[in-house]
Amino acid sequence: MIRFVSTGGTAPPVGLTEAIEQGLAPDGGLYLPEPLKPLPSGRVSGLRDLSLVGVGRRVGTHLLGGHLDDADLEAAVREALDFPIPLVQLSVRIYALELFHGPTLAFKDIGARFLARLLAAVSVRVSEPLTVLVATSGDTGGAVAHAFHGVEGTRVVILYPLR
C-alpha cells in the first residue's frame, strides 16, 4: 500500500489518514504519495472518454493506492465535484478549465471539498470534533468553511489578518 512522505524529507512516512489529519508533516513539509508515479500513457488517453467524476475516481485510485475502497472514493469525488467545471475551448488547440463555478466561486472549492470528504471517509471519530485551522487574507477561508459545512465531527476556525 502506498505510504505518504514529507517534502521536507525528515518526517517518517505515514498512511493516508495520518497525512490528511496532520495536514503538514512534523518537518513542515507537505505529504505526497511514495512513490509518486505518473499515470501510464494508456490510462491518460482513456481519461478523455470519462466524466469528471470518472476522471477524479481514476486519478484518486492511482494517487491514493488502495487506501479507500472504490465506493468511498467515488462518493468523495461525486460529492466534491457536484458543480459544473466546464472545459472551454480558447483556440484550435488551447482549452481551459473554468474552476470558478463552485459554491464560493473560488478555484479552491475543488480541493477543499475533496479534502473535506476524504477526511470524513478516513477519519476515526473521537469525542471531540476535529478542528480545521485556516489562515487567509482572501477566498480560502470561505471555500474551506463551506467545504466542511455539514461534515460530521469537524469544525473550522478561520484566521484573517488584522490589516
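The values are calculated or read from the model by the stated rules, or taken from the named source; none is laboratory data. Source: prediction; values computed, not measured. FYI the Cβ positions are ideal-geometry reconstructions off the backbone, even for glycines, and counts take in every protein chain you see. Remember, those area values only see protein heavy atoms, side chains included, never the ligands or the DNA or RNA. Shrake-Rupley method; radii C 1.70, N 1.55, O 1.52, S 1.80 Å.
Here are the numbers:
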{"item": "Förster radius 22 Å - calculated FRET efficiency between T131 and Q22, Cβ distance, rounded to 0.05", "result": "0.95"}
{"item": "Residues of segment 1-101: accessible area per residue with a 1.4 Å probe, Å²", "result": "63"}
{"item": "Segment 69-127: chymotrypsin sites (Phe, Trp or Tyr not before Pro) in DSSP loop, at most 16 other beta carbons within 10 Å", "result": "F100"}
{"item": "Cα-centred dipole magnitude for segment 1-133, charges only on beta-carbon of K, R (+1) and D, E (-1), debye, nearest 20", "result": "440"}
{"item": "Coil-residue trypsin sites (Lys or Arg not before Pro) of segment 22-108, DSSP, other Cβ within 10 Å capped at 11", "result": "R93"}
{"item": "Bridge type composition, the chain - antiparallel percent by DSSP, nearest 5", "result": "60"}
{"item": "Cut-off 13 Å, label 7 Å out along Cα→Cβ of R155, residues of segment 102-146 by amide N", "result": "127-133"}
{"item": "At most 14 other Cβ within 10 Å, DSSP loop - GluC sites (Glu not before Pro), segment 33-102", "result": "E98"}
{"item": "Equivalent-ellipsoid semi-axes of the chain, from the Cα gyration tensor, Å, largest first", "result": "26, 22, 16"}
